[in-house]
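Below: one structure, written as structure tokens.
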Amino acid sequence: MPPRKRTSARTSSAKAAARSGPRRESTTRASTYGVPELIVIADPAAALRIGVGGVESGGGADTRALNRVVSRAAVTLRPLFGPEERVRQEARQLAPSAIGPVPDLSVYYHVEAPEGDLADLAEELAGTEGVQAAYVKPAGEPPVLNDMQPSPEDAPPSTPDFVGNQLYLEPAPGGVDARYAWTWPGGGGAGVSIVDCEWGWRFDHEDLTVGQGGIVVGTGSTDTNHGTAVIGEISGDRNAFGITGICPDAFIRGAAFSGPTAATIRSAADRLGAGDIILLEIHRAGPRHNFERRDDQLGYIAIEWWPDDFDAIRYANSRGILVVEAAGNGAENLDDQIYSVRPPGFPVSWTNPFNRSNRDSGAVVVGAGAPPPGTHGVSWGADRSRLDFSNYGALIDAQGWGREVTSTGYGDLQGGGDARIWYTNRFSGTSSASPIVVGVLGSLQGALRAAGKTPMTPATARAWLRATGSPQQDEPGRPATQRIGNRPDLRALIQAHVKGNLALDKSTVKDAKDVKIENKEFKNEKAEVKERKEKIEVKEHKNEGKEFKNEKAEVKERKEKVEVIEGKNVLVDGGGKNFVVEGGGGGVVIDPVPGAGSAIEARLSALEQSVAALTHFIGADLRPDLGAGALAREADVYGQADSAKHGKDAADGKAGKENLAEG
């Protein structure tokens, strides 16, 4: 990489004072982005389908009332995710390799009608036979706090190097240590595909020329600054001018919310594979202010609260795709009881997804933290403290910079008359925070793939973002108990998973309530357990039976030791490197035993018991909705997706398994 020089930070006290004043004025308004959406959920038993003669039921429901409503002038009912039987067939085909249950998307419909009629139509539709629910979603909007204007000064003949302003690239705790990731093969995100879901982009920007696939879903908006800044953070080009993205070698595209938001998410997921990433740059008005649109965006929340968006995210998650979701700029406590109150029109079965003990979309939800004080000459509070606008709560998994982000677009750093050469120093919001987390995950996935290792699953990625990183800090009036999570640290993640030298201690492990099992090891163990079991059933060897009993006792003793040390927090890293049991007082590293030789064969019969014991012991923490079979499927989908990259010899897995049996 060519040498970088730091540009001077702005030091004007007048500008600093203006930017640290009141955050926003409160008004209601019409959205300049999305429009309200009327969503209908059919009763699955009705098996509705739209045919040439109108709405039909394969389950015997009387659809005459429903047809009378949707046959009115200016009212159109369409399947939200495509023709019903085709959607059901696709779900059946996906199920064997899916991570967890595949949601039934065939029951969702979208109603097009004049905006002023939507509320009355929803109430009427909810009372018709064959319909389970009907609700109106407020318009979606990007979570922005950005009022920057392009500088009127002409841009210089050549764009300067602005990377010195991108302090979020620097080592932890101030940054995410992207520079360290770049020293690893694949650490720039090579081989990783990303789709940014929002409204508009400038893919012809001078610093976004490599690895850009344009808009692949929907029609882009003419308001392009927001999307341009987002993709600049993630994948700005590696060159001698402008900015550089956190994972500049990733392949990035845009999916425009020009239609229903959930359908856009589903379409984006269909263009990606296991280990790839979707970014949701959207929030909408929640119940705090009766779902009203506001300029200040107070009360705006993450979109997974609405059933159709929740299931679209679950669909992507079931395909092994990492979904990163902006928490929203509503300054809301997402643990508040208001979010457990079922709104009119929602299904009776609905429960609050912000409480993951109810149900879990699988998304990585991102809050906005303050950058290090003095960044660009201003301070927004203690580094990594919650910014006043950011939503917070137990749902939030990680934080990124929510102020002072240098990227492409807007033109306040470099302006002039040509938007293709605009840059900003002030991109803000959970909008600027979420791309930082996407960039981190893109770098990590690229490094794992380059090393021939299994990319992170949605569950493991989220768990490790919670378990590592630079912890959130207190700020007067905004204590760390208002959770936005840790700032990611690529050095810690890469050393743990790419280098394979995992050693977590009390200072780096935060909220390690989820259990992590490397999927490659789990898959190998599963196959070897099955093979060994078959051998035992054929031979019925007495000595092997005796050893099986002894090994079963050792596994039980091992489990009891883990329970004594730490309750239910277990972090396991196989691959022949080591095992780590994380207790309340710090990490305990158990090194592999070399030279096991044929001894491992005598212990393979115990693996079925050890896997079963561990699955029973930790399954509820890893994925409450999955059993042992689905955990195995989670491993299988990655093995299928990356079979060409996973031919590494099984000795790694065997060395790790020996430690488990010896433990």
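Could you pull out every residue, at least 5 positions away or on a different chain, whose amide H is within less than 5 Å of the one on Ala134? Hs are placed 1.01 Å off N in the peptide plane, and Pro or chain starts have none.
Here Ile41 satisfy the definition.
Using the basic label-point model (7 angstrom from Cα toward the beta carbon), what is the Ala394 to Glu112 distance in nanometres?
4.2 nm
How large is the charge dipole for region 191-291, taken about the Cα centre, if only the Cβ atoms of Lys, Arg (+1) and Asp, Glu (-1) carry charge, to the nearest 20 debye?
In debye, rounded to 20, region 191-291 gives about 400.
What shape does region 332-425 have by the C-alpha gyration tensor, where a ≥ b ≥ c are the square roots of the eigenvalues, rounded means a/c under 1.5, and otherwise prolate means a/b greater than b/c and oblate the rest?
prolate
Can you figure out the FRET efficiency of Val348 with Gln149, using R₀ = 60 Å and their beta-carbon distance, to the nearest 0.05?
Efficiency computed from Cβ-Cβ geometry: 0.75.
Modelling each spin label as a point 7 Å along the Cα-to-Cβ direction, I'd like the Ser357/Ile50 distance in nm, to one decimal.
4.1 nm
Rounded to whole Hz and in sequence order, give me ³J(HN,Hα) for region 204-212 from the Karplus expression 6.51 cos²θ - 1.76 cosθ + 1.60, θ = phi - 60°, writing x for Gly and Pro.
9, 4, 4, 10, 9, 9, 10, x, 10
For a quick check: with amide H placed at 1.01 Å from N, whose amide H comes under 5 Å from Ser258's, ignoring anything fewer than 5 positions away on the same chain?
Here Thr219 satisfy the definition.
Using the Karplus equation 6.51 cos²θ - 1.76 cosθ + 1.60 (θ = phi - 60°), what ³J(HN,Hα) coupling, rounded to whole Hz, does each residue of region 341-353 give in order, writing x for Gly and Pro?
Per residue, the Karplus-derived 3J(HN,Hα) values read 8, 5, x, x, x, 6, x, 4, 7, 5, 10, 5, x Hz.
Report the paramagnetic label zone for Asp62: residues of region 106-147 whose backbone N is under 15 Å from a point 7 Å from Cα along the Cα-to-Cβ axis.
127-131
Mind giving me the nanometre distance, one decimal, between the label points for Asp120 and Arg420, set 7 Å out from Cα along Cα→Cβ?
Each label point lies 7 Å from its Cα, and together they span 5.0 nm.
Using a 1.4 Å probe over the heavy atoms of the protein chains, calculate the carbon and sulfur portion of the accessible area of region 35-102 as a whole percent.
The nonpolar share, carbon plus sulfur, comes to 53 percent.
In whole Hz, with x marking every Gly and Pro, tabulate ³J(HN,Hα) for region 488-499 from phi via Karplus 6.51 cos²θ - 1.76 cosθ + 1.60, θ = phi - 60°.
Taking θ as phi minus 60°, the curve returns x, 10, 5, 4, 5, 5, 5, 5, 6, 10, 8, 5 Hz for region 488-499.
Identify, among Ser390, Ser361, Thr406, the residue whose Cα sits farthest towards the positive end of the charge dipole of region 350-430, taking +1 on the Cβ of Lys and Arg and -1 on the Cβ of Asp and Glu, with the dipole about the Cα centre.
Ser361
What is the antiparallel percent of DSSP beta bridges lying wholly in region 174-314, to the nearest 5?
15 percent
Give the long-range amide H neighbours of Ser470: residues separated by 5 or more places, or on another chain, with amide H under 5 Å away, using H modelled in the peptide plane at 1.01 Å from N.
Arg487, Asp489
In nm, what is the difference between 0.36 nm times the number of residues separating Ser71 and Lys499 and their Cα-Cα distance?
147.9 nm
Find how much the distance from Thr183 to Arg78 grows on full extension, using 0.36 nm per residue of separation minus their present alpha carbon separation; answer in nm with one decimal.
Full extension of this stretch gives 32.8 nm more.
So, R0 is 22 Å and r is the distance between the beta-carbons of Ser158 and Asp223; what FRET efficiency does that work out to, to 0.05?
Given R0 = 22 Å and the Cβ-Cβ separation, E is 0.20.
Computed FRET efficiency, Cβ-Cβ of Val341 and Arg88, R0 41 Å: what is it to the nearest 0.05?
With a Förster radius of 41 Å, E is 0.80.
Just the number please: accessible area per residue for region 39-150, 1.4 Å probe, all protein chains included, in Å².
That works out to 46 Å² for each residue.
The values are calculated or read from the model by the stated rules, or taken from the named source; none is laboratory data. Here the structure is a predicted model, which means the values were calculated and not measured. Glycine also receives a Cβ, built like all others from the backbone with ideal geometry; neighbour counts cover every protein chain displayed. Areas reflect the complete protein model, heavy atoms only, side chains present, ligands, DNA and RNA absent. Shrake-Rupley method; radii C 1.70, N 1.55, O 1.52, S 1.80 Å.
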